[in-house]
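The values are calculated or read from the model by the stated rules, or taken from the named source; none is laboratory data. Model, not experiment: these values are computed from the prediction. Note that each Cβ is placed from the backbone with ideal geometry, even for glycine, and that neighbours are counted across all protein chains shown.
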């Protein structure tokens, strides 16, 4: 099983929700260059060709986030994605934040 750091998990989660690097940087309070570094690292590490494949990988492997649910900043308000990962996160600790 692939292990991600809490920061990598957050970045991957936001990529899978369709947020831009700028929006991810804002949500996490880090520089856009740090986000770009994390995204590049994730793409290489997970064998994706681009961020679209990276997002697809995240949707197909929601278990990679197991144990990190409390660590991941919950479902961004502008994400309307209904893929299994996002639904799983909303059913977890993010439900109260969505209301």
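For segment 42-69, a tally of residues being without any contact (Cβ under 8 Å) to a residue 24 or more places away in the chain and either part of a loop (DSSP other than H, G, I, E, B) or in contact with a strand residue (DSSP E or B) (Cβ under 9 Å, 6 or more places away or on another chain) (or both) returns 6. The single condition from (1) under 16 Å from residue 16 (Cβ atoms); (2) at pLDDT 75 or above; (3) buried (at least 16 other Cβ atoms within 10 Å of the Cβ) that residue 49 fails is (3). The number of residues in segment 28-41 that are in a helix (DSSP H, G or I), more than 15 Å from residue 55 (Cα to Cα) and modelled with pLDDT of 95 or more comes to 4. Which of the residues spanning segment 5-27 are part of a loop (DSSP other than H, G, I, E, B) and buried (at least 19 other Cβ atoms within 10 Å of the Cβ)? Residues satisfying the conditions are 17, 19.
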